[in-house]
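Accompanying notes for the structure given below.
Bear in mind that the values in this text are calculations on the coordinates, not laboratory data. In this text, all values refer to a predicted model and were calculated from it rather than measured experimentally. Glycine also receives a Cβ, built like all others from the backbone with ideal geometry; neighbour counts cover every protein chain displayed.
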Amino acid sequence: MRLLFKQRLFSWFDSYDVYNEAGETVYTVQGKLAWGHKLVVSDASGRELATVREKFFHFLPQFEVWLGNQLVGTVKREFTFFRPRYQIDFRGWEVEGNMLEWDYTVCDAQRRTVATVSKEPFHWADTYVLDIVDPRDALCVLTFVLAIDAEKCSRS
């Protein structure tokens, strides 16, 4: 399954539209006013499905991913001098590749590919491609990638 998510050009907060290969809107992501980043993921009909929230009052950025009322994972920035590193507690997933350049693979604990993530160049707004092996993982992959993106934004 392939998802494309494009950042909206003119929005006050981070907002994205997420499309399938046929160009149909599958999810929308709305940035909300909160202490730190807060992104709410809704389905095409507007029903809220997930939230990515920054835990405020931490020395380094830390994000929680919620599906409904259930905490399913965290992405934490670790202290390093030269290259960002992350502590990931999310379904046993690991990241291989270069997260800074948006070219990485998400793998499960057995090193099987869950998804590949890349950024498409030459667009007015940021456009990311998520190639997801199992369509049942689509929402989790999307929220995971959003948490990593939000951490990058909080750094700059």
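A compact table of results
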quantity	calculated
GLN30 paired with GLN110, simple spin-label distance in nm, labels 7 Å along Cα-to-beta-carbon	4.0
Length added when fully stretched, ASP131-ASN98, from 0.36 nm per residue minus Cα-Cα	10.3 nm
Footprinting exposure proxy for SER118, SER45 (fewest neighbouring C-beta atoms within 10 Å first)	SER45, SER118
Cβ-based exposure ranking for VAL65, VAL117, in which fewest neighbours within 10 Å come first	VAL117, VAL65
Exposure proxy ranking, count of Cβ atoms within 10 Å, fewest first, for SER42, SER15	SER42, SER15
